[in-house]
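K.L.:
Before we start, here is the structure in question, set down as C-alpha cells.
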Amino acid sequence: MINTRFANNIQSIMNTRILGSMQCPKHWKVPFNEKGDCINKVSFSNSKTRLFVDNLHVLIPYVFSTPADEQRKEIWLKLVGDYRKAMKILQKRSEYTEQDINNFPLKIDFFTAYVEQSSAGKEGFSNYIHMLGSSHISYYMKSHGNLYKYSQQGWESLN
C-alpha cells in the first residue's frame, strides 16, 4: 500500500523544486493505478526528464531521510551527481576535448553503484543505462567524436 502522505510530499517537491518553483509551481501528479495502491509508470518529455535529472538531488534526502538510510542516501547523491556530469559531457554540441573523453568513463562509474550499491538491482536498468555502463558510448565518443552531430532524435539515432 502506498503511503499517500509520502506520495503527496513527493508530488509537492516535484512541483515546487524539481519541475517548477515556489513562485511558479507545476501541476504534475503522482500517477496512481485505479485502486490507488500502486504508482504507475512515470514518463516525461525530454525537457522534463532533463529537469528531473538535473534536480533529482533535491528529492534524495527526502526519500532517504532516516538514519538507517544515510549510506544509501550518500550512494544515490554521488550516483546522480556523476550521471549528471556524464550527461553534460555527452550533451555538448561542440567537439569533445580529450579531457571530456577521458572524464566520461570516470563519471559512468554510477553504473556500478546503481547495480551493486544502490539496492536498485536491475529495476530501471534500460538499454540506455546498458550502453553507458558497458562502455559502448565511450567507444563511440573516441571513434567518432561528438555524438550530437549524429542525432536530433535521441539515443536511438546514435545506434
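No lab work stands behind these numbers, since they all come straight from the coordinates. Everything numeric here is computed off the predicted structure, so don't read it as measured data. A quick note on method: Cβ atoms are made from the backbone with ideal geometry, for glycine too, and the neighbour counts reach across all protein chains shown.
K.L.:
Could you tell me how many cubic angstrom of Cα convex hull volume region 1-63 has per residue?
P.N.:
Output value, Cα hull per residue: 87 Å³.
K.L.:
Given labels modelled 7 Å from the Cα in the Cβ direction, how far is it in nm from Glu98 to Gln71?
P.N.:
4.0
K.L.:
While we're here: 5 Å is the cut-off here: which amide hydrogens, built 1.01 Å from N in the peptide plane, fall below it relative to Phe32, excluding neighbours closer than 5 in sequence?
P.N.:
Asn40
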